[in-house]
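The values are calculated or read from the model by the stated rules, or taken from the named source; none is laboratory data. Please read all numbers here as calculations on a predicted model, not as lab measurements. Positions of Cβ are backbone-derived with ideal geometry, glycine not excepted, and every protein chain shown enters the neighbour counts. Note: accessible area is taken over every heavy atom of the protein model, side chains too, but ligands, DNA and RNA are not part of it. Shrake-Rupley method; radii C 1.70, N 1.55, O 1.52, S 1.80 Å.
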Amino acid sequence: MHICFATSEAVPFAKTGGLADVCGALPCEIARLGHSATLVMPAYRGTMHRGQAVQSTEFELQVPVGNKLVTAEILSSKLPDSEVTVYLIRQDEYFDRDGVYGEQGIDYEDNCERFVFFSRAVLQLIQRADLNVDLIHAHDWTTGLIPALLKIEFDDCDRLSRIASLMTVHNLAYQGTFWHWDMLLTGIDWKYFNWQQMEFHGELNLLKTGLVFADALNTVSPTYAEEIQSAPLGCGLEAVLSDRRGVLSGIINGVDYATWNPAKDPYLATTYCTDSYGEGKRVCKRALQREFGLEMAPDRPLIGFVGRLAGQKGFDIALPVMQAWAERQDVQWVILGTGDRGIEKKLQQLARENPGRIGVVIDFSEPLAHRIEAGADLFLMPSEYEPCGLNQLYSLKYGTLPVVHATGGLADTVIGADEKSLATGMATGFSFDAYNRSELARTLEQALALYDERPEIWKQMIETAMQQDWSWRASAVRYSSLYEQTIARHHATVPIT
Ligand code: ADP
């Protein structure tokens, strides 16, 4: 099989969240399973300087966007340590900017135009470079137009009509909705602008478009695949998703253990593995306390958080708990994130008022993220919803027990401590069902009590957590069979010429 990944971000070329981790790792694993994999993404400012050599190619495309033709210069590179070719679509007017989707929390006004251009460029490139693609794996709203273009614009005789499409939803809350006149940019006939296809409450909805036209759909955990078939997590698209439940599945993301492994992590004060985590984590905790200016208290439980500071991540319940506990001497917090200005300000204020106990860094820092994963005792992830979540998987590997709301991928990957899971040695973290601040506080208290009073259980939990294997291999095998089924289904409906 030849799978073409179409994505707006992939590590190491551009990253704003988990999508980039997935698209940097999955193609390599698919290639390791013996298939061909190609990745296509935009060339943003800085993309050419992420440590991978980038070359120009002979291809230059004229891409129709509305009533104009826009030039796409095609650059090529490779994903690190792999044979996966990456094609970078360069058009500086669209992509040579500080942000990927916007700046300072405000989306770029021409996002529809930018990603219509990108989606069309992907298909034109496949045609021009004669890539023998069997399936396009499209990710999120930025590539939602691709399945529609494949179905609508290419008739049975065209090579592109033989290409199947899989649409992966990484987060249903981001749908790419634009005013109806942006239909003109897509070049697709107005007849498709109806409530069953591209329209959503009077607007153009690119994610819905992908969900309607793709041959198969999936999301990044089995629980989230169920949750999005009803309100509120369906975010208005629950009917579309439950109508298509026969072709909707959930596959947990894997972890790139070449990057996220305490045994060989170059960012840490010291490396450690399951046998030596005791001393290793002590050293990393001390370094982290120093880095955040916290009191140097080796035995005080340290709660860490890394991630986007978005409503979804649970700060409406975590901030009140932090505020209520601010005076407590028996716990420390370290927070790394960027996002919502209101959340950023409240966190910074808490840190100012509680020096030595609460440390906050508003930044995007990969090295610091690694040091928090290693140096904290507990990892905070009370997300209101979480399609998959990667940080809890990293923290398992680093022996930092996650405290999670049992939703989406968090429910699928963390085994909360209760009588049964503790008795069988299966517990890997702490979880709560009802999303509210008192449940979060109760669960944190449960964790702190175990930390203080039951060191043997704590040790057992860390060892079980560190032994979990969430590597990409198992997920890639599942994707590979999903690709095969999707291609077969597509060929059953489209005659092969
Ligand atoms: P989401 O995709 O919703 O942002 P995930 O947990 O799936 O959440 O993935 C987030 C990824 O982005 C992780 O690799 C995490 O370490 C990284 N990340 C998020 N915010 C930051 C930050 N401020 N600094 C460093 N890494 C970050």
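Numerical summary
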read-out	value
P(r), alpha carbons of segment 277-469 - 5 Å bins starting at zero, rounded %	1, 8, 18, 23, 23, 17, 8, 2, 0
P(r) histogram, all alpha-carbon pairs of segment 164-222 included - 5 Å bins from 0, percent	4, 19, 28, 23, 16, 7, 2, 0
Solvent-accessible surface (1.4 angstrom probe) belonging to residue 93, in square angstrom, nearest 10	150
Set of aspartates and glutamates with alpha-carbon distance to residue 68 below 19 Å, sequence-local pairs under 8 removed	60, 92, 93, 109, 110, 113, 153, 182, 189
Unit charges at the beta carbon, dipole of the chain: most positive-side option, 197, 249, 262	262
Order of exposure, largest accessible area first, which applies to 174, 451 with probe 1.4 Å	174, 451
Residue 256 - accessible surface, heavy atoms, 1.4 Å probe, Å² rounded to 10	60
Unit charges on C-beta of K, R, D, E only; dipole of the chain, Debye	560
Signed unit charges on C-beta, dipole axis of the chain, positive-most listed residue 165, 64, 213	165
Bins of 20 Å from zero: percent of alpha-carbon pairs in the chain	23, 54, 22, 1
Segment 321-400: GluC sites (Glu not before Pro) in DSSP coil with no more than 13 other Cβ atoms inside 10 Å	327
Per residue, the convex hull volume that the Cα atoms of segment 79-188 enclose (Å³)	139
Inter-centroid distance (Cα atoms) of segment 380-430 relative to segment 289-349, Å	19
Largest-first principal axis extents of the Cα set of segment 425-479 (Å)	40, 30, 13
Modelled label reach - residue 345, point 7 Å along Cα→Cβ, segment 97-130 residues with backbone N closer than 18 Å	104-106
Residue (of 383, 431, 421) at the positive-pole extreme of segment 277-469, dipole from beta-carbon charges	383
Set 151/208; 15/285; 264/397 screened for pairs whose C-alpha atoms are more than 23 Å apart	15/285
Per-residue [θ]222 nm for the chain (sum of -39500 (n - 2.57) over DSSP H runs n ≥ 4, rounded to 500)	-11500 deg cm²/dmol
Radius of gyration, Dmax [segment 373-451; alpha carbons; angstrom]	11.4, 30
Most to least accessible of 428, 16 (protein chains only, probe 1.4 Å)	16, 428
Table column - 3J(HN,Hα) (Hz), segment 100-112, Karplus curve with 6.51, -1.76, 1.60, x for Gly and Pro	8, 10, x, 9, 6, x, 10, 5, 5, 5, 9, 4, 4
Amide proton proximity set for residue 165, modelled H, under 5 Å, gap of 5+	136, 215, 216
Rg(Cα)/(2.2 N^0.38 Å) for segment 234-378, N = residue count	1.25
